Structure formats: C-alpha cells, structure tokens
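One structure is given below, encoded as structure tokens.
The values are calculated or read from the model by the stated rules, or taken from the named source; none is laboratory data. In this text, all values refer to a predicted model and were calculated from it rather than measured experimentally. Neighbour counts are summed over all protein chains in view; Cβ atoms, including those assigned to glycine, are modelled from backbone coordinates with ideal geometry. Accessible surface areas use protein heavy atoms only, side chains included; no ligands, DNA or RNA. Shrake-Rupley method; radii C 1.70, N 1.55, O 1.52, S 1.80 Å.
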Amino acid sequence: MIATNLANMSDVTTPLGVFLVKSDSSEEKLLFRFPYVIVTESKNLSARSNLNKYALVMPSKHEKLPGTGVLNDHSVSTSGPYSHLPAYTELASSSAINDDVDDQEEITKVIGITDSAFSNLFGVVKRKLCGKKFELKVDNVRFVGHPTMLDNNQCFHIVFALKANAPHDVVKCYHELSQNLAVALHSEERRCRFFSEQSRIMISCHDEISQTVNGTANGHGKGNNYQSLSPYELIIQRSKLAENLRDTFNHLLKRGVVNIRVNRWINVNFCLPQKVHRKLVASDTAPPITPANIHDCLVRLRPYHTFLLLVEISTLLAALPYDVSPSFVRLIKVANPLKNMLDLSADANISLGQTFYIVAQLIYWGKATIIFPLCETNVYMLHPSAPTDLESPLVGEFEHCFPGESLIRTLSLFSLGVSLSQLKNPMDSADQQCKLVQMIIWMLRKRLLLQFHTYVVFVPLLTAPPVMKQRLSFTQSNPSNERATSTSADLNDNTSTMGSSYQSETSMGTSPMSPHLNDFDLQTQNNIRNELDMEKPELILKEIGLAPEEIHAIMTAPAADNVEDVRLFSKLCSYFDGHHHIEDIMYYENLRRSQILTLIDKFRDVLLVYQFEDTTVDKLQPYNVL
C-alpha cells in the first residue's frame, strides 16, 4: 500500500490530489486518483466517521439499509458490508475559525470522498464546456481542471484539488498545467491511441480488484483484509499515464516544478512560481512572490541590469532539456554579475531582445534573479527579512563556502548601508578583494542584501528660506536682470504671443537703416537673434513647461547664471520625479555619473536626494512593511 508523504504540504500552493475521469455516452468513470490512501490517518478518519452522527452509511451492492432512515446509528458496526463515508459537515473547512489547518487532515478528507462522487462531479461535463476552464468549489476544496473531448466522442478530465483559499493566480497556474497535460494526451491519442490504451489498462485493474474483493468477501478467495486492496496501486504499476500523474503530484509537492514526458514522447514542463520562489526566500515571513510581481519586474527590466544565477552553471546546464536553444546555453556560459545585459548579449553573440527573453525564462523558473552589475558605487544594506539568528542554516553554509568568515559579522557591515568602495581596503590583496566580491554575490543569491539607488526629486520651494530670499531680492534689484524679471512676469503667455514678439523684432531688421542687407543676410541676422534669445536661462526653462514659481526657484541657484548648466538641468528635469535613479539617467542620456552628481550639487537648493531600492529588483525581494 502506497502512502503519500505530507511533510512538505504547508501552504496553499500545494495540491491536495490529482484525478483522472473519463466519460462517454454510457458511463462516467474515475480512472485514477492520487494520493488514494494515507496509512497513518486511515484509522483516524474511520474513527471520526463513527463519532459523527451525520456520517452516511453506504450499503454494498447486495445489501439495503435497515429501515428507511439514512442517518448513521452509532450501534451500526463498520465491520460488516457497510462502510462509513465522511459526512458533508466533515468536508467543511475550519479555516474560518482557525487559519492553521492541518494539511494532512485536509487531504485525508479529500481521500475520504468516494470514487462515484468524483465521477459524478467531474464526469458529467457538457460538450460545450470541453476545452474550457473547469472550476468547482465544494466547501473547503477547490477543484480545477480542463475537460477535453476526443475524436471518438469520449471526454477525459484531469482535475487538481486545491485548498479553497488558494489565490486566483495559483488556481490559474494549475489550470494551465491541466490544459498542458490535456493537450499532450490529445496529441498522443491522435498519434497512437495512447489514452484509449491507458484507459483500458486502468479499467481492467479496477475490474480485477473488484473481482478479488468480491471473492474475498464471499469467502472464495484468500486474504485477511480485502479493504487493504486498492486498484490504484495496481494501476500505478501497469499504467504509464498513472505514473506520469503520480510524478506530477509529487513534483508539485516537493519542488513546484514538473518535468515529465507523456508516453516518453511529449515533454510537459511546468513551473509553479509561487512555490519555487518561496523556497528561494530566506525568511518564512516574507510576502509571496506572485506571477504579477515577476511580470512587473520583467516589464521594468532595462539593458543596464544584469541577471545573477541562483544555481551553479554546470547544474543549470545539466537540467536543460535536450532540445534547448544554443543561444540559451551561450548566454548562461557568459553570465557575469559584473556586466550588464547589453554587454552579455554582445559576448553571447545574440540580440538584446533574445537576451531579455532568456532572462525572463530564468527568472520565472527561479534559476536567476535581477541585480545591478557590481561596481564600487553600489550601496548595499541588510535586507529587512534577512535571518540574523546564530543558529540559522545559512550560517553553516556560509562558513562552508568561505572558511574563516562569519556570516553574522559580515552582515553587520551592512546594517546602515555601505558602498563597496567603503568596504574596499587598499591594503588587501587581489585575492582578498575577489573573496569580498564572492561573499557579496553569495549574499545576493540568498537575498540577504538590498541595493540602494540614488533618486532625485525636483522640489521648488514656494516659501523661500532667508538665504534664497536674499539672493532673489538681489537678482530683482540688479538692473542687468530687469529683462529676466519682466520675462518671468509674462511666463503665462501662449506660443502665439511669443511668435508675434519675434515677428516685431524681425520687422525691425527690415528698416531703411540697413538698405544694403539682402534677404540672406536678413535671414542670418534673424536666426542669430533668435538663438541669442533662446540662450536666456528663463526661456530654456520655460520651453520645458515649468511654472513661474518653479523658474524663480531655479534661478536662485548659483549655477543658474551658466547657460550650459541650465540647459543640462532642463534636459534632466523630467527624470527628477523620484522614479528614476542615477543609473537610469546615465543610461538614457548617455552621461557620466560625475556629470549628474555635479549638476545635483549645483542645484541642491531645489533638488532633494534620497536612497531606496530599485523598483525593478524589489519585486523579487519583497518584505513586510510596518
């Protein structure tokens, strides 16, 4: 007798069972279910059924219930031809009272449901519902499947049982798995009648066990306990499809990743990202990483990011399917946390778009995460969910990888945030510096560190401080700034007004005082005059749509007298919204870090600088915010 291991069932992503039902014009039949028995809990389930007065007493084929009542009488024994089923109330969820429900009890209740009940639930599917999502909630259990119609008017249905409180994204993933399995079986049925053959094997096993049970019950067979005989144990031994379904359940239970070959021909690969990424997070209290988080991360992915492999390259290459793309292998071999994806795509000789696609696959399957390439300006801080317990398993793993080093001591260096340049000791040898980089990479793989980026926000002060007021009064009292003051007073003029003023200046150039100027000289003079007007800082700032108050605040900065600085400020002003860090600005505007930092320092009166994690990377490193 085979018993399933429930040690890993601890969250809503774990399935409670998998079922295969076939229906045709004559009958509905449950062909296979797994798990079908739990040795350690079968007696407890029977005891609970006996103590519940609402438990149904199901007679055998040749016996009828005594009297007309259907409720269980405690005087009825279960050793005869009657068998107790769990009552309807026993299948109800107790999660409304206590959220910490024992998973073993949950799956035991599912196992207690009869085969005929499952046949009636999943087998009676209308033809118009085939090829569509099937979802049914019965008390504390949610069933998800994808019924499929074959060419011979037979319908088969692979159903997964989940907890009723499973999130919508988890239910969607299980439906995709059921659909993938259905497509593979439908293809094999057309190719070699695989499903028809497997269904005959399963039905024959059911008939064989049924005959054995009947013979044993009537005293014609040999056996001490006919209840211990199960057709599903025999089906697993004889049916390839049953073996595939059993392996699918076990893989979901342990790893959340399914890699099977239906009929040793069609590969079915599936990843449950909620479970896979949960195992990658060091803290059990961290929020789950959902497909929506992964999608948001991939949408915000930029070429200046890079990917960090969470497994060894040799292990990852060995786990790839035999028909993997050569570009996939080349990118994995050139993976380097010191290079961005733009450089990696050039090293692997593949396009940037293909690099993004491969990285997306690695992230979804939990084989890689997104980081910013390691450099001396990177600032790292201890992750809020990082385990700092002295007895944490990561402590021993870190000491095994880096003998003589302490994880807790190393993590203490990042308590308040520190850059790699600050950690770098000029007296260290090249081997010691390389070791420091390897330790940081190890902590990033375990998601023990957060990287902080510098963000800039344009904050014009409507009520200027005394120093700014003094400079503003000096600017307004200076006669040379009279034109600037008058221009600032008319900043609300529309474009047509500005155009008319330029036309009046042009008409001044055609006065009789310059009769020797031809049309070309007039056009050149007008262009020079317009360029001189556009060189004024106020007009440069006005061109980007700033309000008069904002322009006044910018003009109070010492660097406002430099037209080049004002032009660079106007160019980067759209990035000063708190959503673009310095590395983002460097990439899009092709600037050096020193240029941006110098500009921020010059306009520090109106720019607010702060640090927090990258909005792209933090999707894969969630933590609870108080």
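Beyond 18 Å in Cα-Cα separation lie the following of the pairs Lys172/Lys367; Lys128/Lys172; Lys279/Lys446: Lys172/Lys367; Lys128/Lys172.
Counting only protein heavy atoms and using a 1.4 Å probe, what share of the accessible area of region 538-598 belongs to carbon plus sulfur, as a whole percent? If you can, show how the numbers build up before the last one.
On the way: 1390 of 2790 Å².
Reported share for carbon and sulfur atoms: 50 percent.
Taking amide hydrogens as placed 1.01 Å from N in the peptide plane, the amide H of Glu613 sits under 5 Å from those of His453, each at least 5 positions away in sequence or on another chain.
Computed from the C-beta positions of Leu423 and Asn269, the FRET efficiency with R₀ = 30 Å rounds to 0.15. Which parts of region 557-572 would a label at Gln595 reach, counting a residue when its backbone N lies under 15 Å from a point 7 Å out along Cα-to-Cβ? Hits in region 557-572 for Gln595 at 15 Å: 564-572.
Close amide H partners of Gly417, meaning residues 5 or more places away or on another chain with modelled amide H under 5 Å apart, are Leu382. Estimated from the Cβ-Cβ distance and a Förster radius of 41 angstrom, the FRET efficiency linking Leu352 and Ser204 is about 0.15. Across all directions, the average flat footprint of the convex hull enclosing the Cα atoms of region 337-438 is 8.4 nm².
In the P(r) worked out for region 364-423, what percent of Cα pairs fall beyond 12 Å?
Details: 1302 of 1770 pairs.
For region 364-423, the share of Cα pairs beyond 12 Å comes to 74 percent.
The ellipsoid that matches the Cα gyration tensor of region 257-371 has semi-axes, each √(5λ) in whole angstrom, of 22, 21, 13, with the longest given first. The value obtained for region 114-171, namely the Cα convex hull volume divided by the number of residues, is 86 Å³ per residue. Shape analysis of region 342-396 yields a ratio of the Cα radius of gyration to the Kirkwood radius, Rg/Rh, of 1.12.
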